[in-house]
Amino acid sequence: RRRGWWRPIVAGLLVATAALLAPLSVLATWSNSQIQDTDRYLETVGPLASNPAVQDAIVTRMEEVIFSYLDLDTAIQEVVTALDARGLPDRAGTTLTALAGPLATGIRSFVHDRIEGLVQSDAFKDAWIEANRTAHEELVAALTGDEGGAVSIDRGEVSVNLATLINAVKGQLVDAGFGIADRIPEVSASFVILQSDDLGRVQTLLSLLDDLETWIPVLGLALLFAAVAIARDRRRMVLVSALAVAGSMLLLGASLNVIRPFYLEALPESSSAAAAGAVYDQIVSFIRTALRAVLVVALTVAVVAWLSANRGSGAAARAGLVGGVDQLRR
């Protein structure tokens, strides 16, 4: 017995290390398959085009861009002044001046309705996919530390160029009869998707996960097998290992919930919290799905190991289960 005193200690360390590697394995798979693979990335962000919060944020951003180039108040006032200079009767001039405000409001409402209709159409979904396809490679480059292209980093802020999407909406507005939209020039408006002083750490982590994506799960499984192999009670070690992995998945899920408000707070005040939350939830949806799958497998293994005990609560539960099945058969 004294000779084997080290076995439970070493086995415990191996299991603890494997449990720490389990969340990293999920994150590495997510980074490699969901973030850096264009097709899978588009499958992930594609549904956001139909998300009401994201649509509202895009409509608001489009209105800001359009009306920044189309000063309706000034244009309408110039029309009123020009007509009034033609010698209109006092009553007509007064009425025309009073109608300037409602006229501008009506035009804004018309533009809003047109943009909202386009954002809710299939044309917007296609434009959304193309905009994300164009920006994806640059986004990956930005997150891995290689800047340039459609995504730029400035003081820890990652911004996506919306020129492709704005041009698509502009063309749809012109085709819909809003000819004044043709005055909008080629713009380079951006949409902030991430703002953090710790962006450098994110780049380092993603780069490391990308390099170790294949080896992390293999190493974790090898450590678990080694822990079971050297343990005196292998069944119990399987139970402990499964519970440790399950606990690490629960910890990863809790971490995602804790990180979410910090992510939202890091964005500019002008950003839509609802849209940013929808984007975050959609981006990490693969992580949540993967950790749930691993959690179910780990708990299943733990239950099987517990029921396979020769004595104790596990053996009693197994006997009760077998007896219940026999009664159901009868």
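The values are calculated or read from the model by the stated rules, or taken from the named source; none is laboratory data. Model, not experiment: these values are computed from the prediction. So basically every Cβ, Gly included, is an ideal-geometry build from the backbone, and we count neighbours across all protein chains shown. Accessible surface is based on the protein model in full, side chains and every heavy atom, while ligands, DNA and RNA are left aside. Shrake-Rupley method; radii C 1.70, N 1.55, O 1.52, S 1.80 Å.
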With a cut-off of at least 2 residues that are among the polar types (S, T, N, Q) and at pLDDT below 80, name the helices (runs of 4 or more DSSP H) lying wholly within region 45-151.
-> 72-84, 90-98, 122-143
Based on what the data block shows, is ALA274 under 22 Å from VAL228 (Cβ atoms) and surrounded by fewer than 19 Cβ atoms within 10 Å (Cβ to Cβ)?
-> no
Can you confirm whether region 246-258 contains a residue that is within 24 Å of GLY46 (Cα to Cα), touching a residue at least 12 places away in the same chain (Cβ under 8 Å) and open to solvent by less than 60 Å² (accessible area, probe 1.4 Å)?
-> yes
